[in-house]
Amino acid sequence: MRYVKPHYYDNFHCIADNCPDTCCAGWQIVIDEETLENYSRVTGPFGNRLYAAIDWQEGIFRQKKGRCSFLNDENLCDLYKELGKDALCRTCSMYPRHVEEFEGLRELSLSLSCPVAAEMILTCKDPLVLLDEETEEEEELAEEFEDFDYLMFTQLEDARALIFSIMQDRKVPIDNRMQKALMLAHRIQQCIDEERYCDVDEVILSEKNTGYEHAGNPDTESRYDKMRREYQVFDNLERLREEWTAILDHAWNVLYKQGEAHYQRICREFNNSFGGNSKFREEWSLFTENLMLFFVYTYFCGAVYDDQVYSKIALAEFSVRWIRELIMAAWVSQAPRIADNANIESSDDVFDWKLCIEIAYRYAREIEHSDDNLNALEEWLGTGR
Ligand code: SF4
């Protein structure tokens, strides 16, 4: 079995009660069958507690006020304390580690929705490297991959490697890199739609040798109109946490409500003080690069299952743009912006990584951790090309 993982993957350690948030609130945690069976055999007072705190029909932990029934006041897990680490269900013992399965290959990643993982992913100064390892382990899931298109997967891996090199070309402005990645995905998608599968290799080769001057068509729509239009998409998505609604409402109020001239002034000021035109341009660019590569690494090769290459990169680009937009909205009024436990410090002399990390992990909690949201967004982005 082949394993691929980002170079920082093994450095993750959960900080449990020191976590600025918790992964045991706001999500429905599904218990795997084996663990459910084990829980059913626990006796005594804790067995009674398990019996009451699990929805046995659905195989999920019941929640109290949006928190897992076993999450105590110190934000620690009572189940872990009582029965030990090995008693955790697969979801709890894995998180924030994530696995994408392909024939003969497991791609491991950390989820952006965990604040500690988000910090590791986003603040990494060295270019992201994917470590590739081969083990003696036998393929267990062979039947599931009967129709696996290995040729297409190889092309996707080549295309992803090219997107990595585009995104890591730090001599080029970051937004031009993103546009070039989008353009590459668009050209590959055209080949797939027209069943010209053999041309994909040629597209990859020709994009390798093309500069950035033709990367993307200039938008005919103003940024203000585009962002206002895209904002409506969030209204049709599932909402998992109240903080998310507060973030979106805040963005609407401070960015769009007062018209285009007001919005453009904010964009200019933000750009000059925090973003790509400021003394923090390197940090801003690094944050954007790492964010984009996180989405590309996690989702791009999944196109082998649905042929939707373009929507994977469009989702990455959309997510990066919106995380940056929500950071701008939070920057406009630092004080009451997010949750009470945000605990974000800001300084004129230090890049506000905490703000960037917080918005990124909150976005990931809402969008990435709902299959409905991910699918709806991808479909919308895929049809809009
Ligand atoms: S969100 Fe991450 S750091 Fe926080 S408790 Fe969960 S796994 Fe640990």
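The values are calculated or read from the model by the stated rules, or taken from the named source; none is laboratory data. Nothing here was measured: the structure is a model prediction, and the numbers come from that model. No Cβ is skipped: glycine too gets one built from the backbone with ideal geometry, and neighbour counts run over all protein chains shown.
Residue under question is ASP21, and the condition is that it be more than 27 Å from PHE145 (Cβ to Cβ), part of a loop (DSSP other than H, G, I, E, B) and within 16 Å of the ligand (Cβ to nearest atom); does it hold?
The answer is yes for ASP21.
Condition check ((1) of a type in the set (A, V, I, L, M); (2) surrounded by fewer than 15 Cβ atoms within 10 Å (Cβ to Cβ)) across all residues:
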{"site": "GLU202", "(1), (2)": "no, yes"}
{"site": "ASP219", "(1), (2)": "no, yes"}
{"site": "ASP225", "(1), (2)": "no, yes"}
{"site": "TYR231", "(1), (2)": "no, no"}
{"site": "LEU248", "(1), (2)": "yes, no"}
{"site": "LEU255", "(1), (2)": "yes, no"}
{"site": "GLY259", "(1), (2)": "no, yes"}
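Remark: pairs (first residue in the range 9-22, over 20 Å from GLU358 (Cβ atoms); second residue more than 6 Å from the ligand (Cβ to nearest atom) and modelled with pLDDT under 90; Cβ separation under 6 Å; 6+ apart in sequence or on different chains) are absent.
Number of residues in the range 105-150 that are within 11 Å of TYR9 (Cβ to Cβ) and either within 16 Å of the ligand (Cβ to nearest atom) or basic (Lys, Arg) (or both): the value is 6. Here the condition is being among the polar types (S, T, N, Q), modelled with pLDDT of 95 or more and closer than 19 Å to TRP27 by Cα; of SER113, SER165, it holds for SER113 alone. Identify the single condition in (1) closer than 18 Å to PHE300 by Cα; (2) more than 10 Å from the ligand (Cβ to nearest atom); (3) surrounded by fewer than 20 Cβ atoms within 10 Å (Cβ to Cβ) that PHE102 does not satisfy, given that it satisfies every other one. The one condition PHE102 does not meet is (3).
Against the list (1) away from the ligand (no atom under 16 Å from the Cβ); (2) surrounded by 14 or more Cβ atoms within 10 Å (Cβ to Cβ), the condition GLY26 fails is (1).
Does GLN57 satisfy the condition of being modelled with pLDDT under 95, within 28 Å of PRO115 (Cβ to Cβ) and in a loop (DSSP other than H, G, I, E, B)?
Judged against the criteria, GLN57 is not a match.
Within the range 1-18, the set of residues being of a type in the set (D, E, K, R) and away from the ligand (no atom under 16 Å from the Cβ) comprises ARG2, LYS5.
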